[in-house]
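Colleague: My structure is below; once you've seen it, I'll send some questions.
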Amino acid sequence: MKRILTYGTFDLLHFGHIEILRRAKALGDYLIVALSTDEFNEIKNKKAYHNFETRKKMLEAIRYVDLVIPENSWDQKRNDVLEYKVDIVVMGSDWEKNEKFECLKDICEVKYLSRTEGISTTKIKKDLKLQEPINEINQVPNN
Ligand code: C2G
């Protein structure tokens, strides 16, 4: 049973996210997604449109995803790999050779998959010309 782990914010879920999840799952049997919490997104300087609970539920609805865990900090990865007995950590190529992942190579494989061109959360926001944040609708309550 080959166990795969990937990390991300996965905001405004789009085809690029689906593609990396599909391809990551194809490398093994069980895919764990460590999803950035709202607090960690602040550290990453990312303002997600959907809150953690909503982003988590959207990921859990994807056939390729077997488990969603919270990503609270940059330095939890080593523990995640050991705790969940991960064989391969998979990230998009924008993370290629990043020390945050390269440093895991002594305890698991690390694979970078090419990003899906032409789509990103930032591009969606720009294309929709979202100048002002609008009231969050259909949000899962934080409690
Ligand atoms: N991605 C992709 N193609 C795109 C957009 C994103 O393959 N067109 C991939 C990214 O490379 C990443 C994953 O989808 O592997 C999630 O993207 P983000 O939510 O933007 O992730 P990021 O903010 O880079 O968070 O500790 C690591 C961070 O949590 C990664």
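The values are calculated or read from the model by the stated rules, or taken from the named source; none is laboratory data. The structure displayed is predicted, hence computed values, not measured ones. Cβ: placed from backbone, ideal geometry, glycine included. Neighbour counts: every protein chain shown.
Colleague: For segment 15-48, give me the residue count where each residue is over 20 Å from Val110 (Cβ atoms) and in contact with a helix residue (DSSP H, G or I) (Cβ under 8 Å, 6 or more places away or on another chain).
Modeller: Number satisfying all stated conditions: 5.
Colleague: Let me ask something else about it. Here is a list: Val86, Val90. Which entry is within 9 Å of the ligand (Cβ to nearest atom), out of contact with any Gly (no Cβ under 6 Å at 6 or more places or on another chain) and in contact (Cβ under 8 Å) with a residue 12 or more places away in the chain?
Modeller: Val90
Colleague: If you take the residues of segment 3-20 that are assigned to a helix (DSSP H, G or I), closer than 15 Å to Ser93 by Cβ and not small (Gly, Ala, Ser), which of them is farthest from the chain's Cα centre (by Cα)?
Modeller: By that ranking, first place goes to Glu19.
Colleague: Also, quick follow-up: Would you call Thr54 touching an Asp or Glu at 6+ places or on another chain (Cβ under 7 Å) and modelled with pLDDT of 95 or more?
Modeller: For Thr54, the condition - touching an Asp or Glu at 6+ places or on another chain (Cβ under 7 Å) and modelled with pLDDT of 95 or more - is not met.
Colleague: Test of understanding: among Lys77, Lys97, Lys46, Lys25, which residue is within 12 Å of the ligand (Cβ to nearest atom) and under 19 Å from Tyr112 (Cα atoms)?
Modeller: Exactly one residue qualifies, and that residue is Lys77.
Colleague: While we're on this one: Residue under question is Lys46, and the condition is that it be surrounded by 13 or more Cβ atoms within 10 Å (Cβ to Cβ) and assigned to a helix (DSSP H, G or I); does it hold?
Modeller: no
Colleague: Test Asp29 against the stated conditions and say whether it is touching a Phe, Trp or Tyr at 6+ places or on another chain (Cβ under 6 Å) and of a type outside the set (A, V, I, L, M).
Modeller: No.
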